[in-house]
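FYI, it's all coordinate maths here, none of it is from the lab. Treat the numbers as computed from the prediction; the structure is a model and nothing was measured. We place every Cβ from the backbone using ideal geometry, glycine too, and count neighbours over all the protein chains shown.
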Amino acid sequence: MPPKRNVSGAGELVETLLDELAASADPKAKAKAEELVRVLVELYGEGLDHVMRAVTEAEAADVLKRFVEDELISSLLILHDLHPLDTEERVRQALDRVRPYLGLHEGGVELLELTPEGVVRLRLSGTCHGCPSSQVTATQGIERAVKEAAPEVSGIEIEGLADSGLLQIQPRPPGPCPVPEQGSAPSGAPPQGASVQ
């Protein structure tokens, strides 16, 4: 059995190699290399189409399920627009995979819509949207899962993100530090003993 190759970066590698070829070769060689890539992609796409039709016609649900669950096969099916699940269903499944993690932070996520332009609109719920560090981690996890499941989406919008409440800390002015007298508060500050929310 041949060793497993890291195929997750194969697309980037193809782009890098084409860019290097473009920088070092004459325009005719570059055009031929790009045509070669296009022809190979079409050939493999057509082959995958035949495989998918054969599996579907044979009603081989188990095989089809394994294709969908295999990251490489699934990404090839998406690339060639052959994936048996539509974009919205793949987004829903991606959200189902991140929900247990969000539950650890007492949060959740809801798919609001997939716009005709391909934008996924989501809403965070629960308390994870109120904590900036949880919020960043959660949104990164959600975005990564959605992009992996449906790379064709044009954008992801998440409602319910709390304002981080950035507090700018500056050095105090020179001189003595004014300390309010017991029982008094500077203008605009809450009275002493009052809770700040």
Pseudo-spin-label distance L112 to K32, built 7 Å along Cα→Cβ, given in nm, is 5.3 nm
Computed about the Cα centre, the charge dipole of segment 10-79 from +1 Lys/Arg and -1 Asp/Glu charges at the Cβ has a magnitude in debye, to the nearest 20, of 200 debye
